[in-house]
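Below: the structure, in structure tokens.
The values are calculated or read from the model by the stated rules, or taken from the named source; none is laboratory data. Note that this is a predicted model, so its numbers are computed, not measured. Reconstructed Cβ throughout: ideal geometry from the backbone, glycine too, with neighbour counts over all protein chains shown. With ligands, DNA and RNA removed, areas are computed over all heavy atoms of the protein, side chains included. Shrake-Rupley method; radii C 1.70, N 1.55, O 1.52, S 1.80 Å.
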Amino acid sequence: MSNQRRKPFQIEAFKHRVVVDPKYADKTWRILEHAIQEIYNENASGLSFEELYRNAYNMVLHKYGEKLYSGLVTTMTSHLKDISKSIESAQGDAFLEELNRKWAEHNKALQMIRDILMYMDRTFVPSTHKTPVYDLGLNLWRDNVIHASSIQTRLLNTLLDWIQQERTGEVINRGLMRNVIKMLMDLGASVYQEDFEKPFLDVSANFYRVESQQFIECCDCGDYLKKAERRLNEEIERVSHYLDVRSEAKITKVVEREMIANHMPRLVHMDNSGLVNMLLDDKYEDLGRMYNLFRRVDNGLSTVRDVMTSHIREVGKQLVTDPERVKDPVEFVQRLLDEKDKYDKIISSAFNNDKTFQNALNSSFEYFINLNARSPEFISLFVDDKLRKGLKGVSEEDVEVVLDKVMMLFRYLQEKDVFEKYYKQHLAKRLLSGKTVSDDAERSLIVKLKTECGYQFTSKLEGMFTDMKTSQDTIQGFYTNHGAELGDGPTLVVQVLTTGSWPTQPSIPCNLPAELSLLCEKFRSYYLGTHTGRRLSWQTNMGTADIKATFSKGQKHELNVSTFQMCVLMLFNNADRLSYREIEQATEIPAPELKRCLQSLACVKGKNVLRKEPMSKDIGENDDFLFNDKFSSKFYKVKIGTVVAQKESEPEKQETRQRVEEDRKPQIEAAIVRIMKSRKVLDHNNIIAEVTKQLQSRFLPNPVEIKKRIESLIEREFLERDSVDRKLYRYLA
């Protein structure tokens, strides 16, 4: 092979100039023009598209692109003007059908024309910044057909008329409607919006403004909301069938404004059917519909929430301040729980578990529960009733449900320490009398309280259970050591209670029968012998006794009585008749306690093991008492309770309140010291705010009391006032 270097391949221009026939352009254009007209006349089957493409290609190649493009514009414009006249002449419903048919033909023709002129589209059009063939065809259709003076207004009115007919229940040709609307969308977003959407929204707003006014005058709230919901769904469906998907937000906003937002106050406050009536009548479906519709508009849910909150507070206020309702604490608390259950169900089933509504409900309950200063006491009494008898035979799950509901009310209390005082008293009585339904239920509630308020809140309550267990072991030890010498005498069961853990009770004097007094002394000696440094104080007012009694005809009964009642009944072993004075002198029971004791023994029908002379419901100091030999009962065991009010008397209530206030003082002082120790210097208002924040989980401290505690701490030199600013306090290490 030759090693000579090869020359690079090179294409050179023609050496001579190609001469084009001057009439070539006109001839070629006439061929193309005829082809375009044939395409429009749907006679394209005889055309050679390859030849036509080559002709268009050559015209562009030979610099006749401008002639080709302008000729196309002229030809298409002329044809579209004829089409416009054809459409104008169509009458009635045929107008839209003719428009749709001509549009479909134009589209089909455009695609063929675009294919023929593809080379021009790719080269000449971009270089001269002209509109591509297909888009040109759309623009010409818009300018010569859609925007023709005799078509534009007629088209809009026809479309709006059809929509109006559909709104009034008539059936329209949705397919044709969809095609015409899509034509407007294909012509560009501005055409759709300006020529149809804006007028459509304006007409719709006016339609719903008039209709909503008619509805609201003749319908109740529930029916109105149904109609509004139906109209809203109709518009959403209309968009899905034949409007631009972007129109959905706009038309729904129109319906929401005209049918909901503009009538919100009137709807929620409508007489006999508004929001309050729906709440009272548990109309979950209507409430759910109101929630779903109102959430779509600004301030809709806040309007519903505000009316609901106002109603709940008003109902709750009536409930907690009604003198008749507060007579029965258990019924009082049950009504609160029923109200809470009612609105919880409404919020979950109708308001989609909306947290803002739940928060409003909680704040409302917290508001009105604390309007009644006795709410903590009543809630404790409710628990006492349930744990004594109300939960007998109830499953563990149901017990937990009740306890959880109690805890829910407990959280609303501002004075949780007051509840603690009463709860401790009631728990003590249940434990000592053995009347609790379930130890597990008792412990479960204490665990819940501990979780809610911390160990400090429940430490003494847990100590009470510890004492009960220890007492069982102690009494077993006593009988193990002294059982033989006690013989067949009375059986003694003692509960040894730690003073700090149990509610403080004044020790009420009482002369026990001789045989019992001797037994008590033996127990005292045993206990103090096994425990050093302790002191026993008998609380006879808290004890009970089981005594056997024989009545006429040898009928025997076992009587379950209080220790005081036992002391009185034992006197009748040696006497058939005793005066009030003699009983008082022999037992030394204080007068109020003795009168209640005698009243329960002599004045309660079916439990009257004593007779009183003269017969009356009240006990007088000149009364005489006789053993009721004719007493009978169908039960062998007869429980004789002491006549006592379930609720505290006014002096007892004042005493409890005073104890609570005393217990609060060291807690307030401790909070002040903690805050000042970390801050060192703080002004008066900030101390008040910080102390309130720290203590509000137990109680709401009174600013006046906080100020008194600050003064006390200054006196004891924990704090000092600033020498310049008297409202500023300093911590003294």
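Observations on the model:
- With a requirement of 2 or more residues that are within 20 Å of Ile181 (Cα to Cα) and among the small types (Gly, Ala, Ser), the helices (runs of 4 or more DSSP H) lying completely within the range 86-165 that satisfy it span 94-116.
- Of all residue pairs spaced 6 or more apart or on separate chains, those with beta-carbon atoms under 6 Å, a first member in the range 129-149 that is under 17 Å from Leu68 (Cβ atoms) and a second member that is among the charged types (D, E, K, R) are Pro132/Asp121; Val133/Arg114; Val133/Asp121; Tyr134/Arg114.
- Reported count of residues in the range 614-638, each being at pLDDT below 80 and either surrounded by 13 or more Cβ atoms within 10 Å (Cβ to Cβ) or outside any loop (DSSP other than H, G, I, E, B) (or both), is 0.
- Looking across the range 206-237, the residues that are open to solvent by 10 Å² or more (accessible area, probe 1.4 Å) and more than 17 Å from Leu267 (Cβ to Cβ) come down to Asn206, Phe207, Val210, Asn233, Glu234, Ile236, Glu237.
- Taken over the range 294-324, the criterion of being over 27 Å from Lys227 (Cα atoms) and in contact with a Ser or Thr (Cβ under 8 Å, 6 or more places away or on another chain) is satisfied by Ile312, Arg313, Gly316, Val320.
- Enumeration of residues in the range 318-368 that are in a loop (DSSP other than H, G, I, E, B) and at pLDDT below 90: Asp322, Pro323, Glu324, Asp328
- Among residues of the range 158-179 that are closer than 16 Å to Phe200 by Cβ, those with a Cβ under 8 angstrom from a residue that is of a type in the set (D, E, K, R), sequence gap 6+ or separate chain, pair up as Ile163/Arg238; Glu166/Arg238; Arg167/Glu234; Ile172/Glu166.
- Among residues of the range 445-476, those that are within 33 Å of the chain's Cα centre (by Cα), open to solvent by less than 20 Å² (accessible area, probe 1.4 Å) and in contact (Cβ under 8 Å) with a residue 24 or more places away in the chain, counted: 4
- Counting only helices (runs of 4 or more DSSP H) wholly contained in the range 561-603, no element carries 3 or more residues that are free of Cβ contacts under 8 Å to residues at least 24 places away in the same chain and buried (at least 21 other Cβ atoms within 10 Å of the Cβ).
- Any hit, the range 695-706, residues being at pLDDT 85 or above and touching a strand residue (DSSP E or B) at 6+ places or on another chain (Cβ under 8 Å): no
- Residue check, Lys607 within 26 Å of His557 (Cα to Cα), outside the structural domain of Ile508 (by the TED database), open to solvent by less than 40 Å² (accessible area, probe 1.4 Å) and not in a helix (DSSP H, G or I): no
- Of the residues examined, Lys556 is one that is open to solvent by 50 Å² or more (accessible area, probe 1.4 Å), more than 21 Å from Glu621 (Cα to Cα) and touching a Lys or Arg at 6+ places or on another chain (Cβ under 9 Å).
- Residue match in the range 258-279 (condition: in contact (Cβ under 8 Å) with a residue 40 or more places away in the chain, among the aliphatic types (A, V, I, L, M), closer than 30 Å to Pro132 by Cα and open to solvent by less than 70 Å² (accessible area, probe 1.4 Å)): no
- The set of residues in the range 237-288 that are over 30 Å from Arg178 (Cβ atoms) and β-branched (Val, Ile, Thr) comprises Val268, Val276.
- Among the residues of the range 104-128, those that are within 29 Å of Lys63 (Cβ to Cβ), in contact (Cβ under 8 Å) with a residue 12 or more places away in the chain and surrounded by fewer than 17 Cβ atoms within 10 Å (Cβ to Cβ) comprise Gln111, Asp115, Met118, Thr123, Thr128.
Residue-wise test of (1) open to solvent by 30 Å² or more (accessible area, probe 1.4 Å); (2) among the hydrophobic types (A, V, I, L, M, F, W, C).
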position	(1), (2)
Leu243	no, yes
Lys250	yes, no
Asp282	yes, no
Arg296	yes, no
His311	no, no
